[in-house]
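Since every read-out is calculated from the coordinates, none of them should be taken as a lab result. All figures in this text were calculated on a predicted structure; none of them were measured in a lab. A quick note on method: Cβ atoms are made from the backbone with ideal geometry, for glycine too, and the neighbour counts reach across all protein chains shown.
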Amino acid sequence: MNILLLGNGGREHAFAWKLSQSPLCSKLYIAPGNAGTASCGENVPLSPEDFPALGDFAQQHQIELVIVGPEAPLVKGIFDFFASTPGLQTIPVIGPSQEGAQLEGSKAYAKAFMQEFGIPTAAYQEFSASRLEEGLAYLTTLPPPYVLKADGLAAGKGVVILNSLEEAQTELRAMLGGKFGSASATVVIEQFLSGIEFSVFVLTDGKDWQLLPEAKDYKRIGEGDTGPNTGGMGAISPVPFADAQLMDNVRTRIIEPTIRGIQARGITYHGFIFFGLIRVDGDPYVIEYNCRMGDPETEVVFPRLKSDLLELLLAVPSGKLGSTYPEADPRTAATIFLVSGGYPEAYEKGIAITGLEGIEDSIPFHAGTIQEGNQVKTNGGRVLALTSYGASMPDALVRSLRNAEKVKFEGKYYRKDIGFDLV
Ligand code: AMP
Ligand code: GLY
């Protein structure tokens with residue numbers, strides 16, 4: 001079967017790597033892909049947000065399944081575009097409808113959803129510019145630190161956590177004044193939750209759902225979880241503290257009511273739900289929903305999925321998800337991201353990467369890379385994720401660290417402490 005996968009990050013390379021192992025996959029196209037996905041299928045220079053061009057491509061190449069990696073096309077309604085365009089309606093899309101994608105696309109929508117369906121999350125209120133004064137007053141009722149979230153997608157920068165009331169009030173004025181454009185026309189202010197974060201993933205058809213291996217990512221640039229947030233510096237799976245009791249509570253208090261909510265609202269949801277969770281005093285709370293897989297979590301979740309990913313995905317549109325049984329590899333998988341010097345601030349692109357051929361016992365998942373002739377070059381802040389298996393977490397991490405040494409490019413930086421806080 002011919003498949004079209006959308007996106008160009010490490011997550012999409014992990015998708016392409018896993019899909020290309022399926023005997024059901026005859027031809028895999030990746031739009032636009034990167035230097036790594038080119039080894040699993042054929043890259044095509046199309047934007048994941050150019051729906052008419054993707055639709056034409058899908059028709060011309062007899063595509064039978066479209067898999068959406070990033071959130072932007074989902075929030076923009078790619079599922080609905082295929083479902084409502086003559087000639088494309090028979091091509092299933094893995095991803096939620098535009099309404100389902102609001103769980104990620106609008107923080108205010110997600111918070112109201114959680115409140116309606118009794119899903120544990122931080123207390124909150126939402127404010128638009130016309131209620132600035134009430135927002136400023138609400139902040140005075142909260143203890144520090146203050147959590148302010150732009151309602152809409154803001155390239156991962158829309159959450160601001162501040163220690164002083166004054167800074168928080170200034171930030172609220174700036175956000176409602178257009179700091180993140182229309183994404184911060186509404187701002188969610190919420191209670192700060194203190195605990196340890198982890199990520200849980202399900203694949204659902206809006207009725208049945210299947211749990212995938214859980215993971216934990218490391219978001220800060222600096223060792224010891226310091227410095228600014230990044231897209232993710234590394235990840236591990238399984239998560240040592242996600243024991244049977246915690247996961248049982250995740251299922252009954254969070255996943256099941258979320259699926260019930262999706263049904264109660266009549267939302268079409270044929271894709272992944274990524275629950276960004278935090279454990280507070282032993283109990284799980286939702287920090288955020290995402291309507292797609294995580295990055296870099298996918299780079300450890302799919303290596304631990306023993307089942308055929310394509311078979312699982314095909315069970316979604318065919319309504320057979322309830323009778324699939326995803327199996328997890330008992331080994332640990334760990335990934336460490338090599339990033340460009342300067343990231344997450346300004347960094348250079350187009351720097352030659354060497355040493356890739358020397359990688360042993362790790363899977364290199366490309367993210368910000370590009371092939372130019374015979375040379376692979378950097379093409380983004382997060383360049384390459386090195387995933388390894390291990391009988392234990394340190395075992396897996398040490399393999400990735402060893403290979404992180406071998407890959408070379410000017411300005412290369414990576415965290416050497418990923419995962420070791422949990423050993
Ligand atoms: P996001 O950009 O939505 O992934 O959020 C960025 C990060 O902000 C999360 O991963 C958390 O570390 C932090 N965060 C968001 N909401 C809260 C909260 N209510 N309490 C504590 N930390 C939070
Ligand atoms: N790892 C967090 C994310 O994908 O949003």
| query | Of the listed peptides 189-201, 1-13, what is their order by residue-averaged count of other C-beta atoms within 10 Å, with the highest listed first? | reply | 1-13, 189-201
| Binning every alpha carbon pair distance of segment 45-127 at 10 Å from zero, what are the percents per bin? | 17, 42, 22, 14, 5
| Most to least packed among 17-26, 265-274 [average Cβ atoms within 10 Å] | 265-274, 17-26
| field | Over 29 Å (Cα to Cα) - which of K157/K377; K107/K416; K18/K219; K157/K416 fall in this group | value | K107/K416
| request: Mind listing the long-range amide H neighbours of T121? Cut-off is under 5 Å, sequence gap 5 or more, other chains count too, H placed in the peptide plane at 1.01 Å from N. | output: V286
| When the Karplus curve 6.51 cos²θ - 1.76 cosθ + 1.60 is applied with θ = phi - 60°, which whole-Hz ³J(HN,Hα) does each residue of segment 232-240 get, with x for Gly and Pro? | x, 9, x, 7, 9, 7, x, 9, x
| request: Pop out the ³J(HN,Hα) list for segment 191-199 in order, Karplus 6.51 cos²θ - 1.76 cosθ + 1.60 with θ = phi - 60°, rounded to Hz; leave Gly and Pro as x. | output: 4, 7, 10, 10, x, 10, 9, 7, 10
| query | Which cross-chain or sequence-distant (5 or more) residues have an amide H under 5 Å from the amide H of I67, H modelled 1.01 Å from N in plane? | reply | L4, L5, L6, I94
| said: What does DSSP give for the chain in terms of the percent of beta bridges that are antiparallel, rounded to the nearest 5? | reply: 80
| request: Using only alpha carbon positions, build the gyration tensor of segment 120-189, then give the equivalent ellipsoid semi-axes as the square roots of 5 times its eigenvalues, largest first, whole angstrom. | output: 17, 13, 12
| aspartates and glutamates with Cα under 17 Å of K76, excluding same-chain neighbours fewer than 8 positions away | E49, D50, E99, E104, D151
| task | Please work out whether segment 361-423 counts as rounded, prolate or oblate from its C-alpha gyration tensor, where a ≥ b ≥ c are the square roots of the eigenvalues and a/c under 1.5 means rounded, while otherwise a/b larger than b/c means prolate and anything else oblate? | result | prolate
| field | Karplus 3J(HN,Hα) series, Hz, for segment 322-333 with 6.51 cos²θ - 1.76 cosθ + 1.60 (x for Gly, Pro) | value | x, 10, 9, 9, x, 10, 9, 6, x, 5, 7, 10
| task | For the chain, just list the percent of Cα-Cα distances falling in each 10 Å bin from zero outward, please. | result | 5, 22, 32, 28, 12, 2
| note | Of the convex hull drawn through the C-alpha atoms of segment 307-388, the volume per residue in Å³ is 156
| query | Given springs between every Cα pair under 10 Å in a Gaussian network model of the chain, which of N34, N163, N43 has the largest fluctuation? | reply | N163
| task | Scan around A328 for amide H atoms under 5 Å from its own, H built in the peptide plane at 1.01 Å from N, and keep only partners 5 or more places away or cross-chain. | result | K306
